Amino acid sequence: MGRFLAPALTKRALVVCGEPGIGKSTVWDAAVGMARSRGFAAWCARASEAEAQPSFAGVADLLEAAGAGVLAGLPGPQRHALEVAVRRAEPAGAPPEPLAVSAGLLGVFRLVSDAGRLLVAVDDLPWLDRASAAALVFAARRLAGHDVRFLVSRHGGRSSELERVVEPAGVVRLELGPLSFGAVSRLLAGRLGRSLPRRVVRQVFETSHGNPLFAVELERGLPEIGAGLPVPAMLGELFGARVGALPL
């Protein structure tokens, strides 16, 4: 993490990968906080299934951190297209052209990075709406010479288009694995305010396979000591729905 955020630009992107519930968003949050503490401007978007359809929802999230003066530095057509796309201005006639919106986002990234280092962070990248994803890729292709870095989280498997675009400039992938028995024990103790019997923790650990979200859900339905550990029905729905709906 520290090397990725070093003053000298050596890698363009950091990708946090792993299965649902493994802690990607927690690591992503920590990286954003670290970047800000090191002087980066950090523009963030948290993608979600519920917001995967509205066009430019992700761009709107990213631009929340942009001051009024930033957009004012863009050429008029690009500024207007971007403002209409993120609902900051009323449309005048036809909807803005995606190319104008993408060029506007590129222009904003360049303006901000001229004043300092910029981190563009997207949590749960596969759920980013298509229009925002396309604009982000368009900008990423054209940022040579500008210190703009990308931090994204996603499920494991095939690389995203954004990663493939910035690969020549360097991509670091951090694959998160399951928690150890000790880490699960500390997680449960921290939530409950007390230590659990070792065999109960062992049941949770073995049933959850070290997945922290799974372990927390199991903790909510802990049985009497020594009884079998039921798997909450909602876990199948939680993981099955998320994995089944992920883009291939």
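Here is how the numbers come out for the structure above:
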| quantity | calculated |
| --- | --- |
| At 1.306 mPa s and 10 °C, Stokes diffusion of the chain via Kirkwood alpha-carbon radius, µm² per second | 80 |
| Evaluated at q = 0.14, 0.20 Å⁻¹: base-10 log I(q)/I(0), Debye formula over Cα of region 44-171 | -0.57, -1.19 |
| Computed over region 120-175: relative contact order in percent, which uses C-alpha pairs under 8 Å that are six or more apart | 49 |
| Carbon plus sulfur fraction of accessible area for the chain, probe 1.4 Å, in percent | 55 |
| Mean projection area, nm², convex hull over Cα of region 99-202 | 9.5 |
| Calculated over region 1-57: convex hull of Cα atoms, volume per residue (Å³) | 109 |
| Residue-normalised accessible area of the chain, given per residue in Å² at a 1.4 Å probe | 49 |
| Computed lengthening from Arg194 to Ser48, 0.36 nm per intervening residue step minus Cα-Cα distance | 49.2 nm |
| Size of charge dipole - the chain - debye, nearest 20, with Cβ of Lys, Arg +1 and Asp, Glu -1, no other charges | 800 |
| Highest-first arrangement of 179-187, 56-64, where packing means the average Cβ count within 10 Å | 56-64, 179-187 |
| Estimated distance in nm for a label pair at Arg186 and Glu64, the labels positioned 7 Å out from Cα along Cα-to-Cβ | 3.1 |
| GNM result for the chain, Cα springs below 10 Å: residue of Pro168, Pro20, Pro212 fluctuating most strongly | Pro168 |
| Size of charge dipole - region 1-113 - debye, nearest 20, with Cβ of Lys, Arg +1 and Asp, Glu -1, no other charges | 560 |
| Order by protection proxy (mean Cβ within 10 Å, highest first), peptides 108-121, 37-50 | 108-121, 37-50 |
| 0 to 90° range, to nearest 10: angle between helix 198-208 axis and the chain longest Cα axis | 50 |
| Under-5 Å amide H pairs with Leu151, H placed in peptide plane, nonlocal only | Leu14, Val120, Ala121, Val122 |
| Highest average packing first - 152-161, 138-147, Cβ atoms within 10 Å | 152-161, 138-147 |
| Over region 20-95: Kirkwood hydrodynamic radius from C-alpha pairwise inverse distances, Å | 14.5 |
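The values are calculated or read from the model by the stated rules, or taken from the named source; none is laboratory data. Bear in mind the structure is a predicted one, so any value in this text is a computation, not a measurement. For neighbour counting, all protein chains shown are included, and Cβ atoms are generated from backbone atoms with ideal geometry for every residue, glycine included. Just so you know, the surface numbers come from the protein's heavy atoms only, side chains and all, with ligands and any DNA or RNA stripped out. Shrake-Rupley method; radii C 1.70, N 1.55, O 1.52, S 1.80 Å.
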